[in-house]
Every structure is written in structure tokens, then in C-alpha cells.
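The values are calculated or read from the model by the stated rules, or taken from the named source; none is laboratory data. If you're wondering where the values come from, they're calculated on a predicted model, not measured in any experiment. Using ideal geometry, Cβ is built from the backbone for each residue, glycine included, and neighbour counts are taken over all protein chains shown.
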Amino acid sequence: MLETVLQAVINGLLIGGIYALVSIGVTLIFGVVKIVNFAQGEFVMIGMYLSYYLSSQFNIDPVVSVLFSMPILFVVGVLIQHYLIRRVLGLNDLPQIFLTFALSLLIINLSLMFFTANYRTIHTWYSDEAFHFGGVYIPYAKLIAFVLAMILSGILWLFLKTTDLGKAMRAASQNRDVAQLMGINPNRVFAVALGIALALAGAAGSLLMSFYPAYPLVGQVFVLMAFVAVVLGTLGNVLGALVASLLMGIAESLGIQFIGADSGLIVVFILLLATLALKPSGLAGGWRK
């Protein structure tokens, strides 16, 4: 019994690291730009297809392809901020919601057109390998993805805490008007925030490819979990999104293990409802961003 629980917790933590990259991107955009990006999951999907293409055409490992997907999607994020998001920032919430939702639908349908609905997978030398400790095993592919996800999260945290641009982003997230009075260029900060968020989504997609199939609707799975993590961990709080993502991964894995294969999301939403009932501000309410 103990080994079963431990195995479920390990599995949950490993997938929770991927959820963290996606949810941190969502909360970064919301915290800094004050807009909800419904298309965040589609950029995870783009990262997956980029890795698939690099692997099939150039035999580049999915982990190495992170070095390509992150800068590509960073540039895409900057361009989207400059040419699309910037146009609706002065408007009310509805145009902002419709814009990112329309972007999501556009990317999904273009993916269906170009890639069809077929699943695409990458098989690496470590895809079927695992560490074994008694009755517990840790898959290499998921462990590598988790470690790199935590490293990227740590780098982002250091960036936000120690660099001038990171401090400017934190200032803009706390009070945009005061930050602008202090000489912070909001357009530059917003572009960097969106670029980083999409780069994290691209990294998540690349890391997923060694153990998860790519298909046009795959982003919907991860963006749903990301939104739950953002609410659960307190809107706009990067550290809260990280902790909430890991907890959600564990809750989902325990639900699948002890209730049923389709019960993971049910347990996650029960956790969300319980948290909002007991602490409406979220788990990280009161934490410093």
C-alpha cells in the first residue's frame, strides 16, 4: 500500500512539473499584462510539433530541442504582444477574451489542416527506461522533464527577483500606473512577459514529446490544468502557480490510482472547490509575488 501511494505521488510530481511551466506562463501574463491567455495550451502544442519536426528531420533529441523552441516562441510572443494584444489593452475584458480565444481556435484549426488529427510521437533511448527502487519506478523521460522544468522555473524566479527587467515586471504586476511613473516602459515589459510565457509553453511542449503524443487538441488538456493551478495558487502569483501545479499533479495521480482512470480531474476540481471555500484568495494569498 505504501509503495502504491509513493508511486502515485512520484508520478504526480513528475507531471506536475510540466503543469507548472504552463501555469507559470499563464499567471505571468495575467499578473503583468492583466489579460487571460486562452491560447497558452496551443503554444505547448506548437512546442511539441517543433520538437517532432526537429527529431524527424534532424534527429535532434526533444530535450535539446528546448534550445530551439524557447527562443522561437519567445519571438512569437513578442510579435503577438506588439501586433495583437497591445491593440486591446485599453478596452474592456470581452475583446481581450475574444482575441486570445480566437487565436486558440485559429492555431488548432491550422494544426488540423497541416498536421491532421494523427498522433505524432518520438521514441528516444530513455523513453522506456526507468530507475527502480524496490517496487517504485521513476521513468527517465519524466524525471528529465521534471528536473528541467524546475530549473527553468528557478531561473525565472531568479530573473524576477534579481534583474532590473524582472523587478520592472513585478512592479508592473503590482501597480501598472505607479510603475509607469517610475519610468518603466509598459510595452517593453508586456512584450518580455508574453515572450517568456510562450517560451515556457514551448519548453513544456518539447519536454513532453519524449513520453506524450502530439496532436492538435493536446494543448486543451494542459491549459485547463494551468487555469486551475493559477486560481488555486492565487491569480498572478508565480510561486503559488508552481506549488499549486505540483499539488494538482499529486492529486490527479492519487485519484487515478485509487478511484479510477477517469477520476483524476474530478479530484483536482474537488481540491480547487475546497481551497476556494476555505481560502478564497488561493493557497498563496498573502505570499509575496
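Just a few scattered comments:
- Check on residue 130, of a type in the set (A, V, I, L, M, F, W, C), touching a residue at least 12 places away in the same chain (Cβ under 8 Å), surrounded by 11 or more Cβ atoms within 10 Å (Cβ to Cβ) and in contact with a Pro (Cβ under 7 Å, 6 or more places away or on another chain): no
- Helices (runs of 4 or more DSSP H) (entirely within region 127-209) containing at least 3 residues that are modelled with pLDDT of 85 or more and not β-branched (Val, Ile, Thr): 140-162, 164-174, 186-208
- Filter pass, residue 102 being farther than 23 Å from residue 239 by Cβ, out of contact with any helix residue (DSSP H, G or I) (no Cβ under 9 Å at 6 or more places or on another chain) and of a type in the set (Gly, Ala, Ser): yes
- Between 117, 102, the distinction of being surrounded by fewer than 20 Cβ atoms within 10 Å (Cβ to Cβ) and free of Cβ contacts under 8 Å to residues at least 40 places away in the same chain belongs to 102 only.
- Being surrounded by 18 or more Cβ atoms within 10 Å (Cβ to Cβ), of a type outside the set (D, E, K, R) and not in a helix (DSSP H, G or I) holds for only one residue in 236, 249, and it is 236.
- Condition met for residue 19 (more than 21 Å from residue 160 (Cβ to Cβ), in a helix (DSSP H, G or I) and under 17 Å from the mean Cα position of the chain (by Cα)): no
- Sole exception among (1) touching a helix residue (DSSP H, G or I) at 6+ places or on another chain (Cβ under 8 Å); (2) modelled with pLDDT of 95 or more for residue 11, by number: (2)
- Considering residues of region 92-126 that are over 23 Å from the mean Cα position of the chain (by Cα) and farther than 26 Å from residue 55 by Cβ only, the residue modelled with the lowest pLDDT: 92
- Criterion (surrounded by 19 or more Cβ atoms within 10 Å (Cβ to Cβ) and either farther than 27 Å from residue 32 by Cα or at pLDDT 85 or above (or both)) met by exactly one of 242, 265: 242
- Note on region 85-99: residues that are in a helix (DSSP H, G or I) and without any contact (Cβ under 8 Å) to a residue 60 or more places away in the chain total 7.
- Number of positions in region 100-114 that are closer than 17 Å to residue 41 by Cα and either of a type in the set (Phe, Trp, Tyr) or not in a helix (DSSP H, G or I) (or both): 1
- Residue 56 meets all of the listed conditions (1) under 28 Å from residue 116 (Cα atoms); (2) within 13 Å of the chain's Cα centre (by Cα); (3) among the polar types (S, T, N, Q) but one, namely (2).
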